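The values are calculated or read from the model by the stated rules, or taken from the named source; none is laboratory data. These numbers come from a predicted model, not from an experiment. So basically every Cβ, Gly included, is an ideal-geometry build from the backbone, and we count neighbours across all protein chains shown. Side chains are part of the model used for accessible areas, which takes the heavy atoms of the whole protein and leaves out ligands, DNA and RNA. Shrake-Rupley method; radii C 1.70, N 1.55, O 1.52, S 1.80 Å.
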Amino acid sequence: MTTSPAAAPTPASSPWGSRLNAVLAGAAPSIIALLAAVLLFGLFCFSQGASPLAVFASINKAAFGSWYSWQNTLVRAAPILLAALCTALPARTGLFVIGNEGALVLGGLGAVLAGLATQTLSPVLALLLMALAGGTAGGLWIMAAGALHHYRGVNPTILTLLMNYVAIALLDHVVEGPLRDPASLNKPSSRALVDSHLLANFSGTNIHPGILIGIVCCLLAWWLFTRTPFGFASSVVGGNPRAAALSGLPVARIVLTATFLGGAAAGLAGMIEVAAVHGRANDSLHVGYGYAGFLVSFVARHHPLGLIPVSLLLGGLLASGGILQRTHHLSDATILVFQGIVFLCILFSESLRGRLPGLRGVVTKS
Amino acid sequence: MTTDSTALAPIWGVMLGIAGGVIRGSVPFLYVSLGECLTQKSGKINLGLEGVLLLGAMVACATAVATGSAWIGVIGGGLAGLSLAAIHAWLTSLPRVSDVATGIALATFGGGVAFYFGKPYIAARPPVLPSLPLGAWSDLPLVQSALRTSPLFFIGIALAFALRWFFRSTRWGLHVRAAGDQPQSARALGISLGGVRTAAILAGGFLGGVGGAHLSLYFPGNWNEGVSSGQGWMAVALVIFARWQPLGCLWAAILFGGTMAIGPSLQAAGYGGYYHLFNALPYALTIALMIATCSKNQRLAGQPGGLGKGE
Amino acid sequence: MTPTSTLTPPAVEALAITKCFGSFTAVDQVSLRVAPGTFHALLGENGAGKSTLVKCLMGYQAPDAGEVMVGTRERAINSPADAQACGLGMVYQHFTLVPAMTVAENLVMSRADLPWRINWRAEHARIEAFLQTAPFRIDPHRLASSLAAGEKQKVEILKQLYLKAKFLILDEPTSVLTPLEADEVLGLLRAEVTSGRLSVLMITHKFREVFAYCDEVTVLRRGRLAGTGRVKALSESDLARMMLGEERKQTPVVRTSIRSESMMEVRDLWAKNDLGLDAVRGLNLSVRTGEIVGIAGVSGNAQREFVETLAGQREAEKGEITVAGIRYEPTRRALRELGVHLIPEEPLKNACVPTLSVAENLALRTFDRPPQARGPWLLRHGQIAAAARELMARFNVKAASPQVPIATLSGGNVQRAVLARELGGPAPRVLILSNPCFGLDLAAVDFIHRLIIEVRNGGGAVLLLSEDLDEILKLSDRLFVMQNGRLVYETPTATANLADIGRHMAGH
């Protein structure tokens, strides 16, 4: 094996300098990939008869241009951010999970059940119980996949993908059957939650607390997975399970914890969608926030802090669907195309990692 | 005549529904599983067959409408699938690029492209593939309609046998198996791993696209954004069920096609209560299958040794 | 092809072959000639350039300078297919059979002139006819995965003969065979050579084989030709001198005697291998303090599975392991409290996390306790880095900094890092090692051996599994032979009889 290449000269002994270098080196390929994706998407717009610059201006306006746009973006970014944790956390132990959508949906279902059962309790208590129910539902769902992987060697990606369909079918069945609100004829829904049990927006705004909850969860996840012994242990498990076994680490416990926490975050997203946005459970719960969360996690390379800016970007992108349709006559599928391009570019950038001159800093775990 | 058909007990209605479902619904499963089987035998996983399926369906519909011929539409769908798979082949040949993630990215991208360019075709009525009336022996219209078979069903069966012969008795088939089972041995023999795997991925993509074409050009016979029931996602599970054998793919496709038809058949017969749960049956079955057949330390019998090892 | 070359093997000559990899010269102006119908040995240590030279002959690599002559003509061998066309064939250390295919499919697939459509009836007939004249016989319908190591090696040789090779290159062919199997294979090949049907060039590092089977020998040292000649005219010390440069002074092993009590006991251990078949079968073992117990054996007799079970990387089906009388489960607490340390083979794959830094890998045993952790909620990276610097200095681990990923270190330095981690803290009570010196240079090997002796002399119980019998004979106080998942023979090393060891390794 060759010895390590001379590391890029780190600013003399400054820990912040070398840490910044490391962060840049880690983020650079992703940033380049995003730029490439923007370029390719611009070409796509051009081929469809829309001016790329005008399209990006519209997206910017619809996403970040005004306070109204920001609110739109933040409301969309919140569930995506929490759902993204469902991929990011298990990824640190080496599992790639795409069950965000299913966990979110079940979280919403659990929350509605809890909410309907606690109609007489105080709002704070009811909301807490709903959060608990939603988080537990999502957590157990993904933890089951983690357990099946650990104990039976089942591929978690394919498993959670299929589980999504089962979860959605469960939601549809329950919402159209046992929990159905007889008044909801056009769009089958569960019975509505009592008004007092809804998560109110911040006063004077259209934003619900979801984004704040999401950021707090990301911060906690960051601390847990990079600054604690548990986080160190999970990076060993994710990096080389054999070394983890050799060191006597409780691999099962670590994997199950990470999958539970990830699923709980997605379940919490579902709870917030129910309590803050819809007030009931119906098929508006599965609109693709889960899959968006999966993409966000990949772009952010599964770093809990990196999820925040990427979720905002994607939230903004989703918020601009309307304007793209109205102003540029680009259908809603355009957003999907853009997401696909971003995803492919990010994957391509992985192969460039470590080969970019000048930024070849120290690459350890982020 | 009419008294005969209404005198048919509901159970027969359900059974016929399932039989019809097997014949119609198994075809996409068959093509995606054969395509994925070929890809995995060469050592690569392609999780993007859902995107291939959707794009194939859309392009097949568009091509058939444009040319007026369903068969040309099928070819078009296959080629579209092949093109999408080409992206997969290229990306996964680069270092450090995960097969699994690339597949999902491709499914997203392929689906997006299909939905975008398919907008004008949502209301279109493309020329459909001819049906072979296998139920002509019966007087009952119900039986006749259930047993209408698309020619792709028979072509698919023939393909399964052809693929088995390919793996056993052709030089390229042996090369594919070597590349998937022990890549370093294949390399030592001078086999080009990249070439073999690319060819396998492309062929797999073509077959997936044909499977998609069957959706838009036979059953349900039009293009819309819900035309797929996730057959592409299940391809990988089907291949595991089939133990990576082409004939196993045939049985798996038949089983899944039948399972998928239970929900609608029951609903048509008046038992609509558990519609959603029955629709979830194929997915649940796949999950159960994976749990039952996987084991922690052992490799599954028949699994190519180099699968998922990124060599 | 000239008529005579169809039956008699050609002379093969390499003239002034040079091959560089970047700034490293693997082979430097080496010339070698194998006369027709001779058995030629290519001798040298790890890293002497033997494999590279041979790869140039076989067309896997293009030499930077020099030529290859086959027969009387210079041949441009640019690919293995070219080599095959000239009648050259190579048998590797690592098997090239495809496990999921039968022997027949493997044979047929290796032919360059295979038609696109395979007529199996004709092919099977052809294989049958070939097997009639071949030196060994194997059932062609057997799956390659079902063959034992010795059988696989035979099939590899048969494959080359099937391809009508007249010049066979063998790369350490007996490294995975028992002494008995090795004798059988080499003896049969020798017979082919003597009858003029074959020439053989054999890479080996075993003097015994050179003297027993070879006519001529070429010795390489550090990429250069160190010597050549007829085997009959050379002695063992001649060969050693050519191979190593000078008389190697063996650092004497100083054993202090310790009051000895049983430290680790293994009772009736059973474990399965990756295919679900029994691998470790009822193994019983006792290791005492202040001793090194060696386990010798040809690889493939479940040594790997045994070590994995001890390491917690594989589940035991049955049986019990106790350390200091306490039942041992590979949990973190047990590792720490009972002082058990494991150094598995292939450290980068089995004992390290390649993407984590050297410092983090060094902290694998200690990160969850003070001073590197404060409670369950805080990890102190500064302490980890400081501890790493200290260990790296003590154990001479060379790396650009403690923060580089450990995968960027050379093999020797990775092994040193693992040793630093395992031996750098409190003295181990139990130390288990598996092939610790595989692929390392002499200085590293000496260093590691010294450390092992130190642990033993300090009262540790050491279990050493190794495929290198010399290493076992040098270090261990008593040794076992492991065969087919069991310990079949025990002897104090001082009175060990090589013939008996060999017999038990073969299963007699």
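So the values come out like this:
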quantity: For region A:76-328: rounded, prolate or oblate by the Cα gyration tensor [a/c cutoff 1.5]; calculated: prolate
quantity: Helix runs (DSSP H) in chain A reaching 30 Å along axis by Cα, Kyte-Doolittle at least 1.6; calculated: A:251-272
quantity: Bridge type composition, the protein assembly as shown - antiparallel percent by DSSP, nearest 5; calculated: 60 percent
quantity: Residue among B:Pro10, B:Asn279, B:Ser26 farthest towards the positive dipole end of chain B, charges placed on Cβ; calculated: B:Ser26
quantity: Global form of region B:94-249, assessed from the alpha-carbon gyration tensor, a/c cut-off 1.5; calculated: oblate
quantity: Candidate aspartates and glutamates for bridging to C:Lys398, where Cα separation is under 19 Å - those fewer than 8 sequence places away on the same chain excluded; calculated: C:Glu346, C:Glu360, C:Glu390, C:Glu422, C:Asp441, C:Asp446
quantity: Percent accessible area from carbon and sulfur atoms, chain A, protein chains only, probe 1.4 Å; calculated: 69 percent
quantity: Value of [θ]222 nm, deg cm²/dmol, for chain A, DSSP H segments ≥ 4, -39500 (n - 2.57) each, nearest 500; calculated: -22500 deg cm²/dmol
quantity: Neighbour-limited loop hits for GluC sites (Glu not before Pro), region C:265-369 (at most 11 other Cβ within 10 Å; DSSP other than H, G, I, E, B); calculated: C:Glu315
quantity: Number of partner chain Cβ atoms within 10 Å, mean per residue of B:92-104; calculated: 5
quantity: Computed [θ] at 222 nm, deg cm²/dmol, chain B (DSSP H ≥ 4; -39,500 (n - 2.57); rounded to nearest 500); calculated: -23000 deg cm²/dmol
quantity: Computed magnitude of the charge dipole of region B:5-293 (debye, nearest 20; Cβ of K, R +1, Cβ of D, E -1); calculated: 640 debye
quantity: Carbon + sulfur, % of accessible area of region B:5-293 - ligands and nucleic acids excluded, 1.4 Å; calculated: 69 percent
quantity: Helix-only mean residue ellipticity at 222 nm for chain C, each DSSP H run of n ≥ 4 adding -39500 (n - 2.57), per residue, nearest 500; calculated: -9500 deg cm²/dmol
quantity: Solvent exposure of region C:259-403 as accessible area per residue, Å², 1.4 Å probe; calculated: 43 Å²
quantity: Solvent exposure of region A:128-202 as accessible area per residue, Å², 1.4 Å probe; calculated: 42 Å²
quantity: Charge-dipole axis of region C:150-201 as Lys and Arg at +1 and Asp and Glu at -1 on Cβ define it, positive-most pick from C:Pro173, C:Gly150, C:Ser195; calculated: C:Ser195
quantity: Radius 11 Å from Cβ of B:Ile191, net charge of other residues (Lys, Arg +1; Asp, Glu -1); calculated: +4
quantity: Of A:Ala169, C:Leu114, C:Ala399, farthest towards positive along the dipole that unit charges on Lys, Arg, Asp, Glu beta carbons give the protein assembly as shown; calculated: C:Ala399
quantity: Relative contact order (%) - chain C, alpha-carbon pairs under 8 angstrom, separation at least six; calculated: 15 percent
quantity: Region B:195-305: translational diffusion in µm²/s, Stokes-Einstein, Kirkwood Rh over Cα pairs, 20 °C, 1.002 mPa s; calculated: 136 µm²/s
quantity: Relative contact order (percent, whole number), chain A, Cα cutoff 8 Å, 6+ residue spacing; calculated: 35 percent
quantity: Environment charge of B:Gly111, counting only residues whose C-beta is closer than 15 Å and scoring Lys/Arg +1, Asp/Glu -1; calculated: -3
quantity: Contact surface C-A: accessible area buried, both sides summed, square angstrom, 1.4 angstrom probe; calculated: 2700 Å²
quantity: Test item: Cα-centred dipole of region A:76-328, Lys/Arg +1 and Asp/Glu -1 on Cβ, debye; calculated: 520 debye
quantity: Shape category assigned to region C:134-276 from the gyration tensor of Cα positions, a/c cut at 1.5; calculated: oblate
quantity: Chain C pair-distance distribution - Cα-Cα, 10 Å bins, rounded %; calculated: 4, 16, 25, 25, 18, 9, 3, 0, 0
quantity: Placed amide H near C:Leu487: partners under 5 Å, 5+ positions off or other chain; calculated: C:Asn284
quantity: Contact surface C-B: accessible area buried, both sides summed, square angstrom, 1.4 angstrom probe; calculated: 1800 Å²
quantity: Whichever lysines have a C-alpha closer than 21 Å to that of C:Lys474, once near sequence neighbours (fewer than 8 apart) are set aside; calculated: C:Lys206, C:Lys249
quantity: DSSP-loop trypsin sites (Lys or Arg not before Pro) across region B:35-97, with at most 16 other Cβ within 10 angstrom; calculated: B:Arg96
quantity: Region B:5-293, relative contact order in percent, only Cα pairs under 8 angstrom and at least six apart counted; calculated: 36 percent
quantity: Candidate aspartates and glutamates for bridging to C:Lys318, where Cα separation is under 20 Å - those fewer than 8 sequence places away on the same chain excluded; calculated: C:Glu265, C:Asp268, C:Asp274, C:Asp278, C:Glu305, C:Glu308, C:Glu329
